[in-house]
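Below: one structure, written as structure tokens.
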Amino acid sequence: MSNKVYFADLRSRSNLENKGNKIVNLFDKAGFKELFTPEDLVAVKVHFGERGNDSYVSPVMIRYLVDKIKENGAKMFVTDTNTLYYGSRHNAVSHLETAILNGFDYSVVGAPLIIADGLTSENEEIVEINQKHFKKVKIAGDLAKSTSMVVVSHFKGHGLSGFGGALKNLAMGCATIAGKLDQHKCAKPIIKDNCNGCAICFDSCPTDAIIMKSVDNGLIASIEYGSCVACMNCMDSCENEAIDVDWKNDIPLFVERMMEYAYGALNGKENKIAYFNFLVNITPDCDCVPWSDAPMVPDIGILASNDPVAIDTASYDLVNSQKGFKNSLLDKNFKKGEDKFKGVWDGVDGTKQLEYAEKMGMGTREYELIRL
Ligand code: SF4
Ligand code: SF4
């Protein structure tokens with residue numbers, strides 16, 4: 001059986017067709033009004049964007065959603081969780097400062113900002129899931145306690161999971177730092193033979209897990225796996241592409257572990273979640289990187305659904321149906337129908353997310369696209 005995914009393109013010739021009104025129409029058409037009651041505490045799960053990134057979903061768009069939820073009298077907060085890597089959102093203080101710098105503030109979004117896992121990610125709720133990789137998962141306390149959610153995702157590429165959308169927003173986005181580490185730790189970095197000993201990775205490692213070893217002709221990097229937290233800062237920092245992961249064995253496991261966390265984030269509110277995917281600024285990387293690379297395809301539109309698998313499948317198909325941009329990270333798969341995510345991250349198959357999430361019963365890859 002298919003599930004409905006509502007789609008608004010980005011063409012506008014009047015105020016009735018501006019993006020805000022498109023969001024309001026999607027909300028109404030998808031029947032989300034029925035999801036929220038005055039008793040609800042609704043978590044509007046966004047990505048506040050790393051400092052230096054500007055491709056996250058604009059707080060101005062979030063305001064339209066907040067105002068719609070308010071119509072039903074529900075109380076809500078706009079939220080995200082602290083990051084595993086040591087960037088500008090690793091604790092609640094720097095995270096809120098970054099959020100405000102990126103335009104998220106009560107005066108803009110119309111609701112309080114809360115970092116759902118607390119000051120240093122100590123606010124955690126253990127959720128029992130009894131799946132293949134995890135019996136229990138570590139979900140941010142305030143997300144676990146919320147009675148319903150609106151999951152707002154910027155759909156884009158991701159170096160380790162192919163793409164990031166609603167499912168990844170639930171998985172990594174709703175986990176505490178310890179939960180993020182649980183998902184990541186099966187995929188540790190490997191130093192390759194072309195390491196030139198420049199030590200850039202050494203400086204990037206938050207846990208001092210990289211040591212520079214003397215060899216006959218200079219230095220090479222080496223990793224102490226006991227202290228590595230698999231944050232992948234080193235891989236991102238190496239300009240020589242000398243750090244890799246085991247794409248064949250570790251990455252499929254990582255993707256499955258992520259989906260089990262997504263399953264845990266839904267716990268108790270499976271029928272009380274609205275999903276919005278924004279197919280704009282479709283960059284090759286996620287919004288955790290402190291830059292925004294040129295998009296791989298043109299802006300497409302906004303999707304809404306109550307099924308995270310269906311909305312991510314539809315988003316994936318819509319991106320791949322576009323012609324790729326030559327002035328982007330894409331170096332192949334430019335034609336319509338070719339996989340743009342594999343065009344930049346060849347080692348990972350993003351469809352594995354969809355397949356595994358469907359297998360766990362989180363939704364269906366069969367969807368009916370309803371154009372507004
Ligand atoms: S940044 Fe890359 S090339 Fe430089 S030491 Fe680290 S692994 Fe080697
Ligand atoms: S070695 Fe790399 S992946 Fe491991 S903790 Fe250091 S920066 Fe992160």
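The values are calculated or read from the model by the stated rules, or taken from the named source; none is laboratory data. In this text the structure is predicted, and so the values were computed from the model without any measurement. Glycine gets a Cβ as well: all are built from the backbone with ideal geometry, and neighbour counts include every protein chain shown.
Annotations
- Lone unmet requirement of (1) touching a helix residue (DSSP H, G or I) at 6+ places or on another chain (Cβ under 7 Å); (2) surrounded by 22 or more Cβ atoms within 10 Å (Cβ to Cβ); (3) of a type in the set (A, V, I, L, M, F, W, C) for Leu329: (2)
- Qualifying residue in the stretch 204-226 (condition: touching a Lys or Arg at 6+ places or on another chain (Cβ under 8 Å), within 12 Å of ligand 2 (Cβ to nearest atom), closer than 23 Å to His133 by Cα and not assigned by TED's automatic domain parsing to the domain that holds Phe163): yes
- Annotation note: of Ile139, Ile177, Ile190, the sole residue that is without any contact (Cβ under 8 Å) to a residue 60 or more places away in the chain and hydrophobic (A, V, I, L, M, F, W, C) is Ile190.
- Qualifying residue in the stretch 114-133 (condition: within 26 Å of Leu26 (Cα to Cα) and modelled with pLDDT of 95 or more): yes
- Unmet criterion (only one of (1) surrounded by fewer than 21 Cβ atoms within 10 Å (Cβ to Cβ); (2) not in a loop (DSSP other than H, G, I, E, B)) for Val255: (1)
- The lone criterion from (1) in contact with a strand residue (DSSP E or B) (Cβ under 6 Å, 6 or more places away or on another chain); (2) small (Gly, Ala, Ser); (3) within 20 Å of Asp349 (Cα to Cα); (4) within 15 Å of ligand 2 (Cβ to nearest atom) left unmet by Gly159 is number (1).
- For first residues located in the stretch 225-247 and touching a residue at least 24 places away in the same chain (Cβ under 8 Å), partners that are near ligand 2 (Cβ under 10 Å from one of its atoms) and of a type in the set (Lys, Arg) and lie 6+ apart or on another chain with Cβ distances below 8 Å form the pairs Tyr225/Lys188; Cys228/Lys188; Val229/Lys185; Ala230/Lys185; Ala230/Lys188; Val245/Lys188.
- Here Gly363 clears all of (1) assigned to a helix (DSSP H, G or I); (2) surrounded by 23 or more Cβ atoms within 10 Å (Cβ to Cβ) except the condition numbered (1).
- Cys195 over 30 Å from Lys138 (Cβ atoms) and at pLDDT 95 or above: yes
- All of (1) at pLDDT below 95; (2) closer than 28 Å to Thr81 by Cα hold for Leu41 with one exception: (1).
- Glu128 falls short on exactly one of the conditions (1) assigned by TED's automatic domain parsing to the domain that holds Ser58; (2) of a type outside the set (Phe, Trp, Tyr); (3) within 16 Å of ligand 2 (Cβ to nearest atom), and that condition is (3).
- Selection within the stretch 326-360 - in a loop (DSSP other than H, G, I, E, B) and in contact (Cβ under 8 Å) with a residue 40 or more places away in the chain: Ser328, Leu329, Leu330, Trp345, Gly347, Val348, Asp349, Gly350, Met360
Residue-by-condition table, conditions (1) within 16 Å of ligand 1 (Cβ to nearest atom); (2) touching a Pro at 6+ places or on another chain (Cβ under 9 Å):
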| site | (1), (2) |
| --- | --- |
| Leu113 | no, no |
| Glu124 | no, no |
| His158 | no, yes |
| His184 | no, no |
| Pro189 | yes, no |
| Phe202 | yes, no |
| Pro206 | yes, no |
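- Scoring Asp244 on the criteria (1) more than 15 Å from ligand 2 (Cβ to nearest atom); (2) surrounded by fewer than 16 Cβ atoms within 10 Å (Cβ to Cβ) leaves a single failure, condition (1).
- Among the residues listed as Ala304, Ala314, the single one being more than 16 Å from ligand 1 (Cβ to nearest atom), buried (at least 18 other Cβ atoms within 10 Å of the Cβ), closer than 30 Å to Pro38 by Cβ and in contact (Cβ under 8 Å) with a residue 60 or more places away in the chain: Ala304
- Qualifying residue in the stretch 56-65 (condition: without any contact (Cβ under 8 Å) to a residue 40 or more places away in the chain and out of contact with any His (no Cβ under 7 Å at 6 or more places or on another chain)): no
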